[in-house]
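These notes are about the structure you will find just below.
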Amino acid sequence: MFFLLVTSFFLFSCLFAGLVLFESARKQALLMLNMWVIRLVEESLWLQQSLRLKTLGFSLGVRVSAEETGKIVRDHSWVIMAGLFMVCSPALMVILLSGENKLEGFDIDSHEANLQIAELLKGERLVPPAALPPEFFITKEVQLIRPQLADASRNWGSLEPGFEQVLLRVFKVMQEKHGYSMAIIEGYRSPERQNMLAALGSQVTNAKAFQSYHQFGLAADCAFLRDGKLVISEKDPWAMRGYQLYGEVAEELGLRWGGRWKMMDLGHVELALTQVLKH
């Protein structure tokens, strides 16, 4: 019984998908429906022995047009509704009768949801933290690793609002769950600055202007705060552990993490929208 229902549902689904996706199929179906209605009319007229109306019915079948088809659909909407019911009823029957059926060896409840992240995504709108003083970004340690950081934009308002909220949630999880305070070290990047960084070589970036999500406010480079200082060194075990956690949290919230790249950029995350960049 269950196999029969599934088979019927598959066949009806294929038919329905064909009608939705292909205009020629819809026209053919309407033509067939029109012919079926006309045949009913013809049979009725035959019983009434009305040659004139029978000829008219035959003429309607031969000379069907878009306008006539539309009129027939309106006049016989009950037939269409009955057809839709026939298409949908197998699916409803499968759902009602399937119960808890599942394949052996697969546990649909095996994935444990991250309750903390689920709570964060309930609609609370987070507020960006206060901007750090410029001296945080010109220390000897920072300049040794990111010498061009002093002129970078760290304005949260320049980020795309949706990306801004996801990144703030990453910061919140990192602080509340893992004990890492984070700061944005570069957000929006102008096309001119992108070209300038690209000219410094592949060890800085391979992306030129408008080849990076930074130009669209959909990317940010971030680092950690410890004892009132910015920590971005990859040689620091504490920071490396933080980058790993940061990447995991970012990916759980739908961002792309630069730590997965061949030329790793551990502090980088982006909201990769294919309609913005074609890669």
Residue check, residue 230 of a type outside the set (Gly, Ala, Ser), open to solvent by less than 40 Å² (accessible area, probe 1.4 Å) and touching a residue at least 60 places away in the same chain (Cβ under 8 Å) = yes
Hey, can you tell me all the residues within region 255-275 that are exposed (fewer than 14 other Cβ atoms within 10 Å of the Cβ) and touching a residue at least 40 places away in the same chain (Cβ under 8 Å)?
-> 263, 273
Flagged in region 237-249 as open to solvent by less than 20 Å² (accessible area, probe 1.4 Å) and farther than 19 Å from residue 270 by Cβ, in numbering order, are 239
Confirm whether residue 161 is more than 27 Å from the chain's Cα centre (by Cα) and either closer than 22 Å to residue 246 by Cα or modelled with pLDDT under 95 (or both).
-> no
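One line per residue, one yes/no per condition, for (1) surrounded by 15 or more Cβ atoms within 10 Å (Cβ to Cβ); (2) free of Cβ contacts under 8 Å to residues at least 60 places away in the same chain; (3) among the charged types (D, E, K, R); (4) touching a His at 6+ places or on another chain (Cβ under 6 Å):
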site	(1), (2), (3), (4)
125	no, yes, yes, no
130	no, yes, no, no
136	yes, no, no, no
144	no, yes, no, no
148	no, yes, no, no
154	yes, yes, yes, no
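Okay, residues lined up against (1) of a type in the set (Val, Ile, Thr); (2) surrounded by fewer than 20 Cβ atoms within 10 Å (Cβ to Cβ); (3) assigned to a helix (DSSP H, G or I):
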| residue | (1), (2), (3) |
| --- | --- |
| 157 | no, yes, yes |
| 173 | yes, no, yes |
| 176 | no, yes, yes |
| 204 | yes, yes, no |
| 210 | no, yes, no |
| 235 | no, yes, no |
| 251 | no, yes, yes |
Checking residue 214 against (1) open to solvent by less than 20 Å² (accessible area, probe 1.4 Å); (2) under 21 Å from residue 261 (Cβ atoms); (3) in contact (Cβ under 8 Å) with a residue 60 or more places away in the chain, which single condition isn't satisfied?
-> (3)
Please go through region 131-183 and pick out each residue that is within 17 Å of residue 228 (Cβ to Cβ) and of a type in the set (A, V, I, L, M).
-> 131, 132, 138, 142, 182, 183
Within region 224-272, considering residues that are basic (Lys, Arg) and within 17 Å of residue 176 (Cα to Cα), the one nearest to the chain's Cα centre (by Cα) | 241
Report yes if some residue within region 242-258 is small (Gly, Ala, Ser), at pLDDT 95 or above, within 23 Å of residue 142 (Cβ to Cβ) and in contact with a helix residue (DSSP H, G or I) (Cβ under 7 Å, 6 or more places away or on another chain); otherwise report no.
-> yes
Do the conditions hold for residue 181, that is, is it among the hydroxyl-bearing types (Ser, Thr, Tyr), touching an Asp or Glu at 6+ places or on another chain (Cβ under 7 Å) and either open to solvent by 20 Å² or more (accessible area, probe 1.4 Å) or on the phi < 0 side of the Ramachandran plot (or both)?
-> no
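The values are calculated or read from the model by the stated rules, or taken from the named source; none is laboratory data. Keep in mind the model is a prediction, meaning the values are calculated, not measured. In this analysis, Cβ positions are derived from the backbone assuming ideal geometry, glycine residues included, and neighbour counts consider all displayed protein chains. SASA here: full protein model, heavy atoms, side chains in, ligands and nucleic acids out. Shrake-Rupley method; radii C 1.70, N 1.55, O 1.52, S 1.80 Å.
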